[in-house]
1. Between Phe90 and Lys275, what FRET efficiency comes out of the Förster formula 1/(1 + (r/R0)^6) with R0 = 35 Å and r the beta carbon distance, rounded to 0.05?
2. Given a 1.4 Å probe and every protein chain left where it sits, what share in percent of the accessible area of region 92-223 is carbon and sulfur?
3. How are the Cα pair distances of region 5-175 distributed, in percent, across 5 Å bins from 0?
4. Pull out the extension gain between Gln70 and Glu101, defined as 0.36 nm times the separation in residues minus the alpha carbon to alpha carbon distance; nm, one decimal.
5. Sort Asp21, Asp308 from largest to smallest accessible area, using a 1.4 Å probe on the heavy atoms of the protein chains.
6. Which value, in Å² rounded to 10, gives the accessible area of Asp109 with a 1.4 Å probe and all protein chains present?
7. With label points built 7 Å along Cα→Cβ from the Cα atoms of Glu222 and Arg129, find their separation and express it in nm.
8. Can you give the direction-averaged projected area of the convex hull of the alpha-carbon atoms in the chain, in nm²?
Amino acid sequence: MTNIGIAITGSGSTTPELCLDNQGLSQIAETSDDWISSRTGIRKRRLAQPKESLCTIATQASLAALAQAQITPIDIDLIILATSTPDDLFGTASQVQGELEAYRAVAFDMTAACSGFIFGLVTAAQFIRTGVYQNILLIGADILSRWVDWADRRTCVLFGDGAGAVVLQAAERDRLLGFELGSDGSQNSCLNLSYQPQPKQIIAEVTVSQGTYQPITMNGKEVYRFAIQKVPEVIEKALFRSDITVDKIDWLLLHQANQRIMDTVANRLKIPPEKVISNLRNYGNTSAASIPLALDEAVREGKIKQGDIIAASGFGAGLTWGAAIFEWGFS
Ligand code: UT7
């Protein structure tokens, strides 16, 4: 069997129109623009209004990615939607498939929190490498504002909503050079959006659990420590698997959670600041959307060019983390 490679041939993204800046946030929580921007680098975030759904933003980002890749919805074999905030717990990917009229495609959701895009990229790559599918739409989209406790200043200042998508296609030369993924459930309690059971007796001696999801809770310091340790490590492992050295990297593209995390990781890897892609100040942490959103902006601004090598890394709840080294485009 001849080896089948992967090329990432298009990207797209969208964010809701409604914008809330740090000043606005300080009206609802005991915080300030100074604290938020100096501790995180975030200045504003976009928030989905009730009329907007995960399906609508995921579909918009997908259409832009398909247009850039110059393929049509009917060409898509598989849709993977990385999200922690589906419109429907049974999954939202099929709704996106319906909206796109991508009738040949099979579609499913994938949950790996802020690592979702990287985990999705690696999952999609397996389907292409085995020759099963040729054209895959990978979406990272989240509306975390639905699950933020707007009275908790430790978390409400961090998150925003958005969607990003890429098209992966089978190619002769493989542009996914290497990857590495990790999970550590023993640290699960550091970051949660968890179901809280509520006993409900339906008949005598039959009690089921009918609760709901509780707002996001996070031990920021622990997650920070985890990120600055694991992210450089996982990128180094992915570089080793790619058989390239760090100086060959054109761009460092991290999950956009905190500018201080990005600076520390770049510093540890000896990657100069001008190679670090960051749009966190405008959008906050958009979870599974953050990497494809920043990727798409950098591609459309002409920063990332055909043939550039990108080291991307996601990290977050689970805890989960991962890195992928890939070359942009078809060149
Ligand atoms: O996508 C998932 C990945 N998540 C992350 O990567 C998050 C990683 N963690 C972080 O980015 C940082 O830990 C935070 C930005 C969340 C917090 O920054 P920090 O420098 O670790 O602050 P801290 O939690 O140690 O809090 C310092 C102080 C505390 O006051 P005291 O106890 O020193 O009096 C907090 O109560 O700042 C206070 N504080 C705030 N003050 C104003 C916490 N949040 C705020 C706030 N505004 N929003």
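The values are calculated or read from the model by the stated rules, or taken from the named source; none is laboratory data. Values in this document were obtained by computation on a predicted structure and should not be read as measured data. Positions of Cβ are backbone-derived with ideal geometry, glycine not excepted, and every protein chain shown enters the neighbour counts. These area figures cover heavy atoms from the full protein model, side chains too; ligands, DNA and RNA do not enter into them. Shrake-Rupley method; radii C 1.70, N 1.55, O 1.52, S 1.80 Å.
1. On the way: r = 41 Å, r/R0 = 1.18.
Calculated transfer efficiency: 0.25.
2. On the way: 3100 of 6250 Å².
That fraction is 50 percent.
3. For region 5-175, the binned pair fractions read 1, 9, 17, 19, 17, 12, 9, 7, 5, 2, 0 percent.
4. Numbers: separation 31, 0.36 × 31 = 11.16 nm, distance 1.61 nm.
Going from the current span to full extension adds 9.5 nm.
5. Numbers: Asp21 70, Asp308 30 Å².
The ordering from most to least exposed comes out as Asp21, Asp308.
6. Approximately 50 Å² of Asp109 is accessible to the 1.4 Å probe.
7. 3.3 nm
8. Values: hull surface 73.8 nm².
Answer in nm², one decimal: 18.5.
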